[in-house]
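Okay, so here's the structure we're looking at.
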Amino acid sequence: MTGQAANAKLMQAFLSDDLIFHPSPEFRNNANVQDARIYLDAEENWLQYWDKEAGNLHWFKKWDRTLEWEQPFAKWFVGGKLNAAYNCIDRHLREGRKNKAAIIFEGEPGDSRVLTYQDLYREVTKFANVLKDLGVQKGDRVSLYMPMIPELPIAMLACARIGAVHSVVFGGFAAEALRDRINDAGSKIVITTDGGYRRGKILPMKKNVDTALEENTTVEKVIVVKRTGAEIDMVAGRDLWYHQLMEDAVIGCPAEAVGAEDMLFILYTSGTTGKPKGVVHSTGGYLVGASSTHRMVFDIKEDDIYWCTADIGWITGHSYVVYGPLANGATTVLFEGAPDYPARDRFWAIIEKYAVTVLYTAPTAIRAFMKWGEQWPAGRDLSSLRLLGSVGEPINPEAWLWYHEQIGRGRCPIVDTWWQTETGHIMISSLPGITAAKPGSASIPLPGLELDVVDPAGRPMPAGQSGFLVIKRPWPGMLGTIYKDAQRYVDQYWGRFENMYFTGDRALKDKDGYFWVLGRVDDVINVSGHRISTMEVESALVDHPAVAEAAVIGKKHEIKGQAISAFVTLRDNYTYTDQLVKELKAHVASKIGALARPDDIFLTAELPKTRSGKIMRRLLRDIADGKTLGDISTLANPETIMQLKEQYAE
Ligand code: WTA
């Protein structure tokens, strides 16, 4: 059967509601988890279940209590002492993996570097000594603003080794967004590069750091990795070259035994206000959750070549490029570049080159591949693949089927994994050896976890009806708090429903108990799997002298899932021009980063508002999605919305 014919058949089956993919007997018989009783056993005693999972890590001192729960603050593995870097490196040296590839790095220009676990030990302990010599102590914050090069995980693990807290800022963020994140964390050190490669160009990362630090008072040193050789300014007394520091550094640095509850990292994510939230993850619970889910969901075997394509600047990169795979002694692929550079088969060339067995990527990438056409993957040998994963947003069944057919060649199970920066690790996903997959559904919560879909009063919704996705009991990787803002943590996640964590997502459970996540209910837009707050974009817009008021919404987009649309009113003396629209788009990109650049900006005389002056974003969303308008009777200025609708249709 040709790919296309098979696809048509699958689509038909899907529409007739019986499209279910069962694991093949071969896959099941070799899977890490083969027995569905794991769900029941975990349910019977979920704390004992996590206790057992925690036993897979190395602890300097075993914990006294699995969980202390003073809602909404959880302490996991209380009294336990461990070190994340020790778990990701040292322990493997004794377990026969000294010579195994820990990291396979593929640079955008095609350069390649393999670090064995022994290599990783050397580099991490040396850099840990560098940090110590610079005065970094346990609990100090270190900001990392780097491309996807080995020095990024090396720096993360070096921080973890000495008990310092890393805060990785995605390399695509602009200087101002970087500045806010460095300032909020109060970092002592920033680590960056002389640039990163992006589609043949060089990203000016060091320049962004220089701008971000203009008024900073906490950062003492900036460490610069030489990656591209681009000309940069080095500030005397502040900036230091990584390679020079490493020349004199000593190999071997004791791994600090930190408390399970000690902070491992801060990672900023967009919330419903303009100020990003510093999501705090602690060492013990996070590492237990990340490693356990990585082993089960990706069915990791000793000889797998595992590749998660996410950038380490996001949680997926933290948990499933760095901590999960390395804690499990796996081989993890690190790719610096873009999927279409130098050609649109770069991903497939990498799979062929390294014989990748497990691939974890995002629906937005899959939809772009679909658009580029089947000839790109078809020209490469993908026979090494045995398992595929998806993350970041709901995967539409068409994309799921294409992924299954064109990349998995019909042989590989797909795990659709639902989770968040805040959850630290995967929460809803099939276990590939036992759970049947339905394209478009992330399936059911992993063992030991309890999620549900509820109505506004917190009552469970009947099957097939959509409501709010909530988590009903603590889990090991749950965020500890929002950095320096515990109240925001309490209000944001635990204030909406009694005794439940609110995810901000809308979902439904079908008659088989499968979860179908439908998207966000708050003011967070998911663009290509990246969370962007409407407020953040709005503040960037009103920061421009021409803008009086702005309302930002997410609208459906074929490849990105959602794209940013902005509705803007101008101050007096400014007039509508195409040039101004361009300028406003560039302004947002320069403040936040290219990822937040609006697709369209509509200049309008007025925004639709309620009589109390609240902007009605719901109506703007309806316009952008081409829906019939809902109730406009509460508007103070109903004529505005009609005008906008006409303008939009043009
Ligand atoms: C969305 C990324 C449907 C969801 C790991 C969530 C998903 C937000 C899926 C978190 C999925 C993530 N199916 N929706 N498999 N995975 N999401 O913090 O809206 O960047 O709340 O974490 O992405 O995004 P974040």
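With respect to (1) closer than 26 Å to E422 by Cβ; (2) over 24 Å from the mean Cα position of the chain (by Cα); (3) part of a loop (DSSP other than H, G, I, E, B), the lone exception for D51 is condition (3).
Screening S384 on (1) surrounded by fewer than 22 Cβ atoms within 10 Å (Cβ to Cβ); (2) within 16 Å of the ligand (Cβ to nearest atom); (3) not β-branched (V, I, T) shows it passes everything except condition (2). Within the set I407, I366, I351, the sole residue that is within 16 Å of the ligand (Cβ to nearest atom) and not assigned by TED's automatic domain parsing to the domain that holds G324 turns out to be I366. If the condition is being touching a strand residue (DSSP E or B) at 6+ places or on another chain (Cβ under 9 Å) and of a type in the set (K, R), then the range 619-638 contributes only R621.
The set of residues in the range 355-384 that are more than 16 Å from W400 (Cβ to Cβ) and among the hydroxyl-bearing types (S, T, Y) comprises T357, S383, S384.
Looking at the range 121-141, can you tell me whether even one residue there is among the charged types (D, E, K, R), farther than 30 Å from K484 by Cα and surrounded by fewer than 19 Cβ atoms within 10 Å (Cβ to Cβ)? Yes. Looking at the range 511-601, the strands (runs of 3 or more DSSP E) lying wholly inside it that each contain 2 or more residues that are buried (at least 17 other Cβ atoms within 10 Å of the Cβ) and aliphatic (A, V, I, L, M) sit at 524-527, 547-557, 561-570. Look at (1) free of Cβ contacts under 8 Å to residues at least 40 places away in the same chain; (2) more than 23 Å from W314 (Cβ to Cβ); (3) within 16 Å of the ligand (Cβ to nearest atom) and you find that P545 fails only one, number (3). One residue is enough: does the range 436-451 have a residue meeting the conditions more than 15 Å from the ligand (Cβ to nearest atom) and under 21 Å from P25 (Cβ atoms)? The answer is yes; a qualifying residue exists. Only one of the numbered conditions (1) at negative phi; (2) over 15 Å from the mean Cα position of the chain (by Cα) is not met by W314, and that is (2). Test K226 against the criterion of being more than 27 Å from A596 (Cα to Cα), touching a His at 6+ places or on another chain (Cβ under 9 Å) and of a type in the set (D, E, K, R), and give yes or no. Considered against the rule, which asks whether it is more than 27 Å from A596 (Cα to Cα), touching a His at 6+ places or on another chain (Cβ under 9 Å) and of a type in the set (D, E, K, R), K226 comes out as yes.
Within the range 198-223, the set of residues being within 19 Å of L595 (Cβ to Cβ) and surrounded by 22 or more Cβ atoms within 10 Å (Cβ to Cβ) comprises M205, N208, V209, A212. Here V490 passes the criteria (1) surrounded by fewer than 19 Cβ atoms within 10 Å (Cβ to Cβ); (2) within 16 Å of the ligand (Cβ to nearest atom); (3) aliphatic (A, V, I, L, M) except the one numbered (2). Just checking, does the range 254-267 include any residue being assigned to a strand (DSSP E or B), surrounded by fewer than 22 Cβ atoms within 10 Å (Cβ to Cβ) and more than 16 Å from the ligand (Cβ to nearest atom)? Yes, because at least one residue in the range 254-267 is assigned to a strand (DSSP E or B), surrounded by fewer than 22 Cβ atoms within 10 Å (Cβ to Cβ) and more than 16 Å from the ligand (Cβ to nearest atom). Here V454 fulfils each of the conditions (1) more than 26 Å from T481 (Cα to Cα); (2) more than 12 Å from the ligand (Cβ to nearest atom); (3) in contact with a Phe, Trp or Tyr (Cβ under 6 Å, 6 or more places away or on another chain) apart from (1).
Restricted to the range 410-435, and to residues there that are of a type in the set (S, T, Y) and closer than 16 Å to H294 by Cβ, the residue that is farthest from the ligand (Cβ to nearest atom) is S430. The set of residues in the range 528-542 being within 14 Å of the ligand (Cβ to nearest atom) and farther than 17 Å from K277 by Cβ consists of S528, G529. Applying a threshold of 7 Å to beta carbon distances and a minimum spacing of six or more residues, or different chains, the list of pairs starting in the range 389-404 at a residue that is outside the structural domain of T293 (by TED's automatic domain parsing) and within 12 Å of the ligand (Cβ to nearest atom) and ending at one that is assigned to a strand (DSSP E or B) and modelled with pLDDT under 95 reads E393/N526; E393/G561; P394/L518; P394/G519. Apart from one condition, I154 fits all of (1) crowded, with 19+ Cβ neighbours inside 10 Å; (2) touching a residue at least 60 places away in the same chain (Cβ under 8 Å); (3) within 24 Å of the chain's Cα centre (by Cα); the exception is (2). For the condition of a type in the set (A, V, I, L, M) and at pLDDT below 95, A548 qualifies.
Of R496, R459, R488, which residue is free of Cβ contacts under 8 Å to residues at least 40 places away in the same chain and closer than 30 Å to R65 by Cβ?
R496
With respect to the conditions (1) closer than 13 Å to L134 by Cα; (2) part of a strand (DSSP E or B), V224 falls short on a single one, namely (1). Residues that are surrounded by 19 or more Cβ atoms within 10 Å (Cβ to Cβ), over 19 Å from K472 (Cβ atoms) and not aliphatic (A, V, I, L, M) within the range 54-88 comprise W63, F77, G80, N83, Y86, N87, C88, listed in sequence order. Could you check the range 239-253 and list, in sequence order, the residues that are in a loop (DSSP other than H, G, I, E, B), loosely packed, with under 14 Cβ neighbours inside 10 Å and in contact with a Lys or Arg (Cβ under 8 Å, 6 or more places away or on another chain)? Once the filter is applied, which keeps residues that are in a loop (DSSP other than H, G, I, E, B), loosely packed, with under 14 Cβ neighbours inside 10 Å and in contact with a Lys or Arg (Cβ under 8 Å, 6 or more places away or on another chain), the range 239-253 yields V250, I251.
Mind telling me which of the residues G289, G285, G324, G313 ends up being part of a loop (DSSP other than H, G, I, E, B) and surrounded by 23 or more Cβ atoms within 10 Å (Cβ to Cβ)?
Going through G289, G285, G324, G313 in turn, just one is part of a loop (DSSP other than H, G, I, E, B) and surrounded by 23 or more Cβ atoms within 10 Å (Cβ to Cβ): G313.
Residue-wise test of (1) within 30 Å of H58 (Cα to Cα); (2) at pLDDT below 95.
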site	(1), (2)
E151	yes, no
R161	yes, no
M205	no, no
E215	no, yes
V222	no, no
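The values are calculated or read from the model by the stated rules, or taken from the named source; none is laboratory data. Not measured: the values here are computed from a predicted model. Glycine also receives a Cβ, built like all others from the backbone with ideal geometry; neighbour counts cover every protein chain displayed.
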